[in-house]
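Below you'll find the structure, written out as structure tokens, and then a few comments.
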Amino acid sequence: MKALVKYAHEDGAVEVRDVPRPQAGPGTVLVRVHSVGVCGSDIHMWHDTQSKSSKGVLPVTLGHESAGTIEAVGEGVTGWSPGDRVVCETAASICGVCALCRAGQYNLCPWREGYGLKRDGAMAEYVVAEPRVLHRIPEGMPYELAAMCEPYAVAYNAVVERAGVRPGDLVVIQGAGAIGTLSLEVAIQQGAATTVVLGTDIDAHRLEKAKQLGADHTVDVTRQDPAELIAELHDGLGADLVVDATGVSAALRQSMELVRPGGAIAKVGWGPQPLGFTIDPLVKKAVTLYGCYSHTWSTWERVLRLFGQRRLRPDLVLGGTYPIEEWQEAFSAMQRGDNIKSALRMAGPDERAGEPA
């Protein structure tokens with residue numbers, strides 16, 4: 001089967017390869033992947049600019065935002081059948097017995113192995129999954145949109161489960177990429193009174209999309225100081241919540257300037273850069289800084305309910321779907337700012353002439 005593989009810790013060391021098709025063993029299922037979203041982390045893996053903590057095993061098949069159908073069920077699996085339409089969480093393997101796993105916080109399990117990092121991921125025709133990571137796709141929802149459940153779950157975890165956005169809040173989103181845009185949608189769904197999305201000159205298209213999705217204000221920070229705008233909103237004391245979805249460490253300094261005393265910062269983007277500045281404003285303002293990582297089963301179920309009720313709009317966020325052979329263009333379109341999200345389409349055996357189904 002075809003798979004998109006990172007094979008070395010070097011810039012550009014990613015290629016489509018023919019690899020053995022996996023099999024469903026006891027307690028697992030084999031999922032035939034239809035669509036898989038491209039994450040910013042996949043682009044970092046392509047250029048080998050990922051954080052040190054995100055260096056996994058090599059070679060590894062990339063991809064962790066998948067949607068497909070169950071092809072086969074292993075021994076001992078109940079409740080799932082071939083043909084079921086599913087999305088898969090990213091925690092391919094957890095220990096299941098540590099204090100965090102037992103408390104339902106398996107996203108923080110020290111022994112967690114994620115798809116596309118320490119386990120072969122979903123940018124392939126087939127992927128093996130444990131039933132605990134499966135969720136049913138809402139009826140009528142296309143695979144390429146269902147594959148976006150994962151980044152929406154990241155945004156939901158940050159904005160709702162960690163930072164607890166409230167109706168009436170002033171919310172500032174730093175970054176107009178995928179997680180920033182989806183955090184905007186989630187904040188609006190939760191009743192935020194005023195939303196502001198910050199981007200740079202490369203984000204012109206994405207800032208326009210943010211307006212289409214309901215942002216009250218958008219700011220190109222290379223042309224305008226967002227602090228001037230924030231000072232004119234609500235009571236002028238700053239944002240109730242700032243969501244750092246940039247992955248640029250220097251953004252934290254800006255978020256500390258924009259947040260109100262007693263407010264919150266949800267840091268969901270991450271990167272390898274050092275800070276190089278004081279974080280004393282966190283103390284002086286009594287600000288709560290939330291680190292936000294991944295998601296759990298209930299996060300996915302809530303996002304899928306919102307999908308099913310058409311209260312989130314992945315159709316407005318997905319910029320294009322590409323065959324796996326055109327992965328470079330899919331990645332590059334996001335890197336250039338042309339697409340907020342790209343997805344890869346996996347051709348199954350029955351879609352390739354001359355190969356057995």
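Limited to the range 71-100, what total is found for residues that are closer than 26 Å to Asp42 by Cα and either touching a residue at least 60 places away in the same chain (Cβ under 8 Å) or outside any strand (DSSP E or B) (or both)?
Total meeting the criteria: 7.
List pairs: first residue in the range 207-223 and touching a residue at least 40 places away in the same chain (Cβ under 8 Å) and in the same structural domain as Ser183 (by TED's automatic domain parsing), second residue surrounded by fewer than 19 Cβ atoms within 10 Å (Cβ to Cβ) and of a type in the set (D, E, K, R) anywhere in the structure, Cβ distance under 7 angstrom, at least six positions apart or on different chains.
Matching pairs, first to second residue: Leu213/Arg313; Thr218/Lys211.
Can you find a residue that is under 16 Å from Ala129 (Cα atoms), touching a helix residue (DSSP H, G or I) at 6+ places or on another chain (Cβ under 8 Å) and surrounded by 21 or more Cβ atoms within 10 Å (Cβ to Cβ) anywhere in the range 80-88?
Within the range 80-88, the subset under 16 Å from Ala129 (Cα atoms) is 80-88.
Restricting the remaining residues to those that are touching a helix residue (DSSP H, G or I) at 6+ places or on another chain (Cβ under 8 Å) gives 80, 85, 87-88.
Among the residues that remain, those that are also surrounded by 21 or more Cβ atoms within 10 Å (Cβ to Cβ) are: 87-88.
Yes, the range 80-88 contains at least one residue that is under 16 Å from Ala129 (Cα atoms), touching a helix residue (DSSP H, G or I) at 6+ places or on another chain (Cβ under 8 Å) and surrounded by 21 or more Cβ atoms within 10 Å (Cβ to Cβ).
Just to be sure I understand, how many residues within the range 11-54 are on the phi < 0 side of the Ramachandran plot, out of contact with any helix residue (DSSP H, G or I) (no Cβ under 9 Å at 6 or more places or on another chain) and modelled with pLDDT under 95?
Adding up the residues that qualify gives 2.
When you check Leu306 against the structure, is it more than 15 Å from the chain's Cα centre (by Cα), assigned by TED's automatic domain parsing to the domain that holds Ala176 and closer than 25 Å to Val159 by Cβ, yes or no?
So Leu306 fails the test.
Examine the range 172-181 for a residue that is touching a residue at least 40 places away in the same chain (Cβ under 8 Å), surrounded by fewer than 24 Cβ atoms within 10 Å (Cβ to Cβ) and outside any loop (DSSP other than H, G, I, E, B), and state whether such a residue exists.
No, every residue in the range 172-181 fails to be touching a residue at least 40 places away in the same chain (Cβ under 8 Å), surrounded by fewer than 24 Cβ atoms within 10 Å (Cβ to Cβ) and outside any loop (DSSP other than H, G, I, E, B).
Could you list, in sequence order, the residues of the range 319-355 that are assigned to a helix (DSSP H, G or I), over 20 Å from Gly180 (Cα atoms) and either modelled with pLDDT under 95 or of a type in the set (A, V, I, L, M) (or both)?
Across the range 319-355, the qualifying residues are Ile324, Pro349, Asp350, Glu351.
For the range 189-224, what are the residues that are among the aliphatic types (A, V, I, L, M) and in contact with a strand residue (DSSP E or B) (Cβ under 6 Å, 6 or more places away or on another chain)? Please lay out each step first, then the result.
The initial filter retains those residues of the range 189-224 that are among the aliphatic types (A, V, I, L, M), namely 192-193, 196-198, 202, 204, 207, 210, 213, 215, 219, 221.
Hits for the range 189-224 are Ala192, Val196, Val197, Leu198, Leu207, Ala210, Ala215, Val219, Val221.
Hey, does the range 257-267 have a residue that's under 28 Å from Gly319 (Cα atoms) and in contact with a Gly (Cβ under 9 Å, 6 or more places away or on another chain)?
Scanning the range 257-267, I find at least one residue that is under 28 Å from Gly319 (Cα atoms) and in contact with a Gly (Cβ under 9 Å, 6 or more places away or on another chain), so the answer is yes.
Please state which of the following conditions Leu316 fails to meet, knowing it meets all the rest: (1) crowded, with 20+ Cβ neighbours inside 10 Å; (2) of a type in the set (A, V, I, L, M); (3) modelled with pLDDT of 95 or more.
(1)
Could you list, in sequence order, the residues of the range 204-243 that are assigned to a helix (DSSP H, G or I), surrounded by fewer than 24 Cβ atoms within 10 Å (Cβ to Cβ) and not hydrophobic (A, V, I, L, M, F, W, C)?
His205, Glu208, Lys209, Lys211, Gln212, Pro226, Glu228
Please verify whether the range 35-49 includes one or more residues that are aromatic (Phe, Trp, Tyr), outside any helix (DSSP H, G or I) and within 30 Å of Ala245 (Cα to Cα).
No: the range 35-49 contains no residue that is aromatic (Phe, Trp, Tyr), outside any helix (DSSP H, G or I) and within 30 Å of Ala245 (Cα to Cα).
Mind telling me which of the residues Tyr152, Tyr143 ends up being out of contact with any strand residue (DSSP E or B) (no Cβ under 8 Å at 6 or more places or on another chain) and closer than 21 Å to Gly63 by Cα?
Working: Tyr143 fails: out of contact with any strand residue (DSSP E or B) (no Cβ under 8 Å at 6 or more places or on another chain).
The unique qualifying residue is Tyr152.
Does the range 8-28 include one or more residues that are touching a Cys at 6+ places or on another chain (Cβ under 7 Å), within 27 Å of Tyr293 (Cβ to Cβ) and in the same structural domain as Met346 (by TED's automatic domain parsing)?
no
Listed here are the residues, each with its yes/no results for (1) touching a helix residue (DSSP H, G or I) at 6+ places or on another chain (Cβ under 6 Å); (2) within 30 Å of Leu237 (Cβ to Cβ); (3) of a type in the set (A, V, I, L, M); (4) buried (at least 17 other Cβ atoms within 10 Å of the Cβ).
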residue: Ser255; (1), (2), (3), (4): no, yes, no, yes
residue: Gly262; (1), (2), (3), (4): no, yes, no, no
residue: Lys284; (1), (2), (3), (4): no, yes, no, no
residue: Thr296; (1), (2), (3), (4): yes, no, no, yes
residue: Trp300; (1), (2), (3), (4): yes, no, no, yes
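Can you tell me which condition Glu161 does not meet? The list is (1) in contact with a helix residue (DSSP H, G or I) (Cβ under 8 Å, 6 or more places away or on another chain); (2) surrounded by 21 or more Cβ atoms within 10 Å (Cβ to Cβ), and all the others hold.
Checking Glu161 against (1) in contact with a helix residue (DSSP H, G or I) (Cβ under 8 Å, 6 or more places away or on another chain); (2) surrounded by 21 or more Cβ atoms within 10 Å (Cβ to Cβ), the one that fails is (2).
Could you list all residues from the range 10-26 that are closer than 15 Å to Asp42 by Cβ and in a loop (DSSP other than H, G, I, E, B)?
Once the filter is applied, which keeps residues that are closer than 15 Å to Asp42 by Cβ and in a loop (DSSP other than H, G, I, E, B), the range 10-26 yields Asp11, Gly12, Ala13.
Yes or no, residue by residue, for (1) among the β-branched types (Val, Ile, Thr); (2) touching a residue at least 60 places away in the same chain (Cβ under 8 Å):
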position: Thr246; (1), (2): yes, yes
position: Ala250; (1), (2): no, no
position: Glu257; (1), (2): no, no
position: Pro272; (1), (2): no, yes
position: Lys285; (1), (2): no, no
position: Asn339; (1), (2): no, no
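The values are calculated or read from the model by the stated rules, or taken from the named source; none is laboratory data. No experiment lies behind these values; they were computed from the predicted model shown. Note that each Cβ is placed from the backbone with ideal geometry, even for glycine, and that neighbours are counted across all protein chains shown.
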